[in-house]
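The numbers here are math on the coordinates, done by the rules we state, and not lab data. Note that the structure is a prediction, hence the values are computed from the model and not measured. No Cβ is skipped: glycine too gets one built from the backbone with ideal geometry, and neighbour counts run over all protein chains shown.
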Amino acid sequence: SWIVGFGVEDSGLEERRFPTRDELDRAAPGHPVYLKHRSGHAAVANSLALAAAGITDQSPQPPGGHMDRDATGRLTGVLREKSAAAPIEKILPVPTRDRMKEGVITAGRLYASAGITSVHDAGAEARPDTYRAYHEAVAEGRLHQRVYAMIWGWPGNHLYLEKDLGLRTGFGDERLRLGAVKLFVDGSIQVFTCAFYDPYITLDTDSTRANPRGVLQLTPNELNDLVVEAHAKGFQVALHAQGDYGIDVALDAIQYAMWKAPRPDPRHRIEHCQCVTPEGLRRMRRLGVIGSFYPHHSWYWADRHISTFIGEERASRMNPMKSAMRAGVVTVAHSDAPIAAIGDPVFGAEPLFGIWCAVNRTTRAGKVIGPEERITPMEGIRAFTINAAYASFEERLKGSIEPGKLADLIVLDRDPCAVDPWEIRDVQVLRTIIGGRTVFAR
């Protein structure tokens, strides 16, 4: 039977590296093992898992990904990005609809404790059981959060195109709504796969030097075709892009699609938008592209970004939320769960913790990075509320406490705009109300 895990954090291990296939072989003899990195952009597999997927030492490097090898050319088991891991992902046991349903219901209870009333699910796998699990959980009254479910549009998994039912972004109701088509442009800084103009300052293995500036998961032409197709059909498009080069490629695709098939107010999004340049922000403003930022990076990984990945100067420009607001870009913040998790003492997903990160921009080692990009607590609140509602075309329905809007609100023990900025992460959620009904009380 398979052993499958998620959340490997190499920086948290004593060796400060991924385990190898041989170490996993010894730890779990007789079982195929597949462990995903916390970022979701890399994994490590043991020999049985590699063999089951037909991956051998002679396998070529996949476009848009990388399989690490040791000095002799033998695979170490580390697979970077989806194209490298796809052969294993395709043969993994698939969770049942009931299991997924119970999972989202459990997550909903955790989210209620953190004051979360709505969710943009950017990881909803494009298969029917995913959406049925959500629908049943809502219909049974067991999932209280309002869900904007995005659709993965990975090549070879075009459910939204191949089985087009005419449903588009916005279909649904105030409880469960069809969201954007989610596409991946580049990868993750933490596994050296974000696409940059300048190279990473160090690399963890010689084998990754094949891509010293990271990787694009699709060629620009492939991305253009996918974005044009989704845009022309009437979908919002959410593009995962973090490196400065990856973000520019994403903006090129959006601009091309809007020229090729003009339509009003598509509200396309850049997800993470971590190392966008000033010119990139100006382009976003002109194109009406929303910047969805992940402010937690300044706490979680910024020390390693400085020492290992991109250096202090580039790290100080990560998540330029203040510059985005000044440029007139609609600025949203997100937690990237399950990369982060409610209650995790280091990788917390609570919105108040995200606001704390954006307001303080302080690393775990206590270093302030890019203080000019700090935002105010109220700007942080807006990024998680009314701006997020705008990003799902729902700003007239929710996102602020006004007559006529949904009665989704939370009660806190202190005003995050009045406490010392360092104490924002300690503010407690006392009550969470969705649709006028209390779903959590402390």
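Under 16 Å from a point placed 7 Å out from the Cα of Asp426 along the Cα-to-Cβ direction: which residues of the stretch 354-376 have their backbone N that close? Backbone N within reach: 356-357, 360.
List Glu394, Glu89, Glu271, Glu402 from most exposed to least, where exposure is judged by having the fewest other Cβ atoms within 10 Å. Could the numbers behind the result be given before it?
Values: Glu394 20, Glu89 14, Glu271 27, Glu402 10.
Least to most surrounded, the residues fall as Glu402, Glu89, Glu394, Glu271.
Classify the stretch 296-362 as rounded, prolate or oblate, taking a ≥ b ≥ c as the square roots of the eigenvalues of its Cα gyration tensor: rounded when a/c is under 1.5, otherwise prolate if a/b is larger than b/c and oblate if not. It is oblate, given that a/c is not under 1.5 and a/b is not larger than b/c. Please identify which residues in the stretch 93-121 have an amide N closer than 20 Å to a label point set 7 Å out from the Cα of Ala52, following the Cα→Cβ vector. Correct set: 93-97, 99-100. Were the residues from Glu312 through Phe6 laid out at 0.36 nm apart, the gain over their Cα-Cα distance would be 107.2 nm.
R0 = 41 Å: FRET efficiency of Asp413 with Arg132, Cβ-based, nearest 0.05?
With R0 = 41 Å, the Cβ-Cβ based efficiency is 0.60.
Taking the charge dipole of the chain about its Cα centre, with +1 at Lys and Arg Cβ atoms and -1 at Asp and Glu Cβ atoms, the residue from His66, Ile355, Leu218 reaching farthest to the positive side is Ile355. Hey, can you grab everything whose amide H is under 5 Å from the amide H of Gly170? Only 5+ residues off in sequence or another chain; H modelled, so Pro and N-termini drop out. The answer is Leu178, Gly179.
I need the shape label for the chain. Rule: rounded when a/c is under 1.5, else prolate if a/b > b/c, else oblate, with a, b, c from the alpha carbon gyration tensor. Rounded. Between Thr376 and Ala27, the modelled label-to-label distance comes to 4.8 nm, taking each label 7 Å out from Cα in the direction of the beta carbon. Here Lys322 is the anchor, and the aspartates and glutamates within straight C-alpha reach of less than 16 Å, apart from those fewer than 8 places off in the same chain, are Glu279, Glu372, Glu373, Glu379. Pairs exceeding 20 Å between alpha-carbon atoms, taken from Lys233/Lys260; Lys182/Lys233; Lys36/Lys90; Lys36/Lys82; Lys182/Lys398: Lys182/Lys398.
Charge tally around Phe196: other residues with Cβ under 13 Å, Lys/Arg +1 each, Asp/Glu -1 each, net -2. Less than 5 angstrom separates the built amide H of Arg69 from those of Thr76, Ser207, all sequence-distant by 5 or more or on a different chain.
Applying 1/(1 + (r/R0)^6) with r as the Cβ-Cβ distance of Phe171 and Ser400 and R0 = 30 angstrom yields a FRET efficiency of 0.80.
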